[in-house]
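What follows is a set of notes on a single structure, which appears directly below.
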């Protein structure tokens, strides 16, 4: 059944693409990003996607869901806008990133004629029903938890590492948290003392201050959805800035944007790498006429050690030259001069 | 031990080649050392550049040299897995060593011209060859130097290893060349010479007939000409040898004939010698023997008796003589002829021999006169018995054919030294006794005393010494 569906899809895709090429029209691509286009994370993925696609004349129309700043109603509206664009414009391919776009948009087009390629997805492929779709494939984001712990130990050797993990209520972290738990279950040298999920920025502050001296390091995963007294969410830069100024604990994350904003270290998942791999998948679909169902979803394996030397200095942590030379080092805070 | 010519040529060429190879190897070693040294400097330059880059990266993090933590590991990392690099270090601009890794020490080149920001300097110091690369901040501020020292021992070892390989390859080529050259020389020189030697050795004195034929050699070089000259020499030698063999054969034949002739002459000569010995023996016998009776004659008997008398005198042993003369023999001779007379003499000679003992000697002195010398008879009565047996012999008639003849005998006996102390006196005593008994008609008579032969009787004495042919 699935094979037949894939076959029909391939024939339809071929006809559409062939007609486009015969007419000499550039390919049309819709990019639905979960967050805003001014965020480096989104910019990196789109840049990588363009590199992997290798078609400078392709027309890419971008729809921002901006999930970090919009409430549920606003998010639904943004998703409706994206769906309408897809249905009306009939692009040759849709490129989505991060989990929000999958949950709000991609799931609406399962087994449609339009191929979908994603990147930066933390949940599993099957969690969105893509395992039953013949038109969806993409790049799964897999954080380098073990590598990050190793980097942490290189900076400060601790035999039995005590951790606290901070999350917000974004469903993105469900997959991340489950994978961390699975990794911790295999290890005896790491102990998560506490999983924090504060609702407000103030709660975050108080919980963080309470952690001082109780744990060796704090994992900062979800820091986007802490409400502020006046309404809205505290900007994650503000959260991280406060943390750098007030926390004496080592902290870590998995994204370069965090280290740029004061988190001590991360073995980052590269947005550019994910976007580049997704672009190559799109090229195979559009140029080589390979069905998305024939391209299994992949996870980027390459991680880049990243260290905030400014934060290390603030924490009074000497770092060996070998660690610094093997990592991307940020000697200053993003808010610095 | 002799060495073959091809091998000798080969060894000589090998020696010259080895000399040339030694010079080339020395030159090659010199250049290889420079090459290895340059190679090490190039590696050191890269390592120093890498070390300087790492230091510059850390400096770019707003870190000073003093902030580098564990930078010794970086020094070690840039020279790790490269045995040609001995030490790596980071110096500040004042020449103070900040970080170091390696098996030796690096002495700061005080008086060396230090490199500029984008330059690299190679200096030779007591601690070895150093490569200096500046550690730069920004676009030209030199904060220090990354220094890498070359391991001279390893450079030399690498050089020697390469030289060793060079020598090994050269030796292998030499051996291969030697084998090939030996093969060529063997074909060109050794084999023809060996053939010549075998042919020469086969020409032995006991093998004069067969001389092996030399195989043909087409070469026109010296060896070929020598080979053919020897071949012609062998042919001429073969021909000369055939002539010599023919002459030898003829000579041998002549020698054989001559030898046969000599053997025949020798045999004749031996026969003549034998015959002469026989004749001499016969003459000797004739001189001492009476030809008619085969008894000793006077010529033998007289010297014999003188010797016996001398022995008897010396040893004081008894000795006697019996002198006998036939009575009536002249009559027989005149009546029946000399042949019968000779037969009578032979018969009586045999009879006398039969009564004589082993030690007695019987002789016919002449005519019918006989003499018996006897020894060992001390007393006269013992000699009397012998005389009686002599006389009794004549009692039996003598048969000559149909004749039966009767003879008488007169026997005179004398004893030494009683009847004479020498031959003459003894013979005279016996003769006198015989003559006396003959006067009485026959029989025997012993001499009574020593014979005194008066001067008037000189004729008698003389007669005793000469043979008497008749019985008167």
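Take the Cα radius of gyration of the range B:208-288 and divide it by 2.2 N^0.38 Å, with N its residue count; two decimals is plenty.
Cα-based Rg divided by the globular estimate yields 2.49.
How big is the Rg/Rh ratio for chain A, C-alpha atoms only, Rh by Kirkwood, two decimals?
Over the Cα atoms of chain A, Rg/Rh equals 1.01.
What FRET efficiency comes out for residue B:424 versus residue B:281 if R0 is 30 angstrom and r is the Cβ-Cβ distance? Round to the nearest 0.05.
With R0 = 30 Å, the Cβ-Cβ based efficiency is 0.45.
Return the average number of partner chain Cβ atoms within 10 angstrom of each residue Cβ along peptide B:68-77.
4
Can you sort A:269, A:323 from fewest to most other Cβ atoms within 10 Å of each residue's own Cβ?
Lowest count first: A:323, A:269.
Relative contact order for the range B:298-464: what percent, with Cα pairs under 8 Å and sequence separation of 6 or more?
It comes to 25 percent, rounded to a whole number.
In percent, what relative contact order does chain A have, based on Cα pairs under 8 Å that are 6 or more apart in sequence?
Reported relative contact order: 21 percent.
Using DSSP, restrict attention to beta bridges with both residues in chain A and report what percent are antiparallel, rounded to the nearest 5.
15
Could you let me know the centre-to-centre spacing of the range A:150-210 and the range A:243-264, using Cα atoms, in angstrom?
About 13 Å separates the Cα centre of the range A:150-210 from the one of the range A:243-264.
If the viscosity is 0.692 mPa s and the temperature 37 °C, what translational diffusion coefficient in µm²/s does Stokes-Einstein give for the range B:5-157 when Rh comes from Kirkwood over Cα pairs?
192
Shielding of B:55-62 by partners, i.e. mean partner chain Cβ atoms within 10 Å per residue?
4
State log₁₀ I(q)/I(0) for the range A:178-336 at q = 0.11, 0.12, 0.18, 0.20 Å⁻¹ as given by the Debye formula over alpha-carbon point scatterers of equal weight, solvent excluded.
Treating every Cα as an identical point scatterer, log10 I(q)/I(0) equals -0.56, -0.65, -1.16, -1.31.
By how many degrees, between 0 and 90 and to the nearest 10, does the Cα long axis of helix A:236-246 differ from the longest principal axis of chain A?
Taking Cα atoms only, the helix is inclined about 10 degrees.
Determine the principal axes of the Cα atoms in the range A:188-275, then give the extent along each, sorted from largest to smallest and rounded to whole angstroms.
Per principal axis, max minus min of the Cα coordinates gives 38, 35, 21 Å.
For the range B:293-398, what number results from the quotient of the Cα radius of gyration and 2.2 N^0.38 Å?
The value comes to 1.14.
With no solvent and one equal point scatterer placed on each C-alpha of the range B:328-371, evaluate the Debye formula and give log10 I(q)/I(0) for q = 0.14, 0.17, 0.27 Å⁻¹, two decimals.
-0.35, -0.50, -0.95
Among A:206, B:288, A:119, which comes first, then next, by fewest other beta-carbon atoms within 10 Å?
A:206, B:288, A:119
For the Cα atoms of chain B, what angle does the longest principal axis make with the long axis of helix B:298-315, in degrees from 0 to 90, nearest 10?
It works out to around 80 degrees.
Relative contact order of the range B:5-157, please, whole-number percent, based on alpha carbon pairs below 8 angstrom and at least 6 residues apart.
So the answer I get is 25 percent.
Can you compute the helix-only [θ] at 222 nm over chain A? Use -39500 (n - 2.57) per DSSP H run of at least 4 residues, normalise by all residues, nearest 500 deg cm²/dmol.
Taking each H run of at least 4 residues, the total per residue is -13000 deg cm²/dmol.
Label chain B by shape, choosing from rounded, prolate and oblate, from the square roots a ≥ b ≥ c of the eigenvalues of the Cα gyration tensor; if a/c is under 1.5 it is rounded, and otherwise prolate applies when a/b is larger than b/c, oblate when it is not.
prolate
So in the protein assembly as shown, what percent of DSSP beta bridges are antiparallel if you round to the nearest 5?
55
Counting other beta carbons within 10 Å of each residue's own, what order do A:35, B:336 fall into, fewest first?
B:336, A:35
How big is the Rg/Rh ratio for the range B:119-232, C-alpha atoms only, Rh by Kirkwood, two decimals?
1.63
Based only on Cα atoms, what mean projected area does the convex hull of the protein assembly as shown have, in nm²?
99.5
Sorting check: for A:70-82, B:75-87, which peptide has the highest mean count of neighbouring beta carbons within 10 Å, and how do the rest follow?
Per-residue Cβ counts within 10 Å, averaged per peptide and sorted highest first, yield B:75-87, A:70-82.
Output the 0 to 90 degree angle, nearest 10, between the alpha-carbon long axis of helix B:5-60 and the longest principal axis computed from the alpha carbons of chain B.
20
Would you kindly work out the equivalent ellipsoid of the range A:126-209 from its C-alpha gyration tensor and give its semi-axes, the square roots of five times the eigenvalues, largest first in whole Å?
Semi-axes, largest first: 28, 20, 11 Å.
Over what distance in Å are the Cα centres of the range B:88-123 and the range B:351-401 separated?
Answer, in whole Å: 158.
Read-outs throughout are calculated quantities, based only on the coordinates presented, and are distinct from any laboratory measurement. The structure presented is a predicted model; accordingly, all values stated were derived computationally and were not measured. For neighbour counting, all protein chains shown are included, and Cβ atoms are generated from backbone atoms with ideal geometry for every residue, glycine included.
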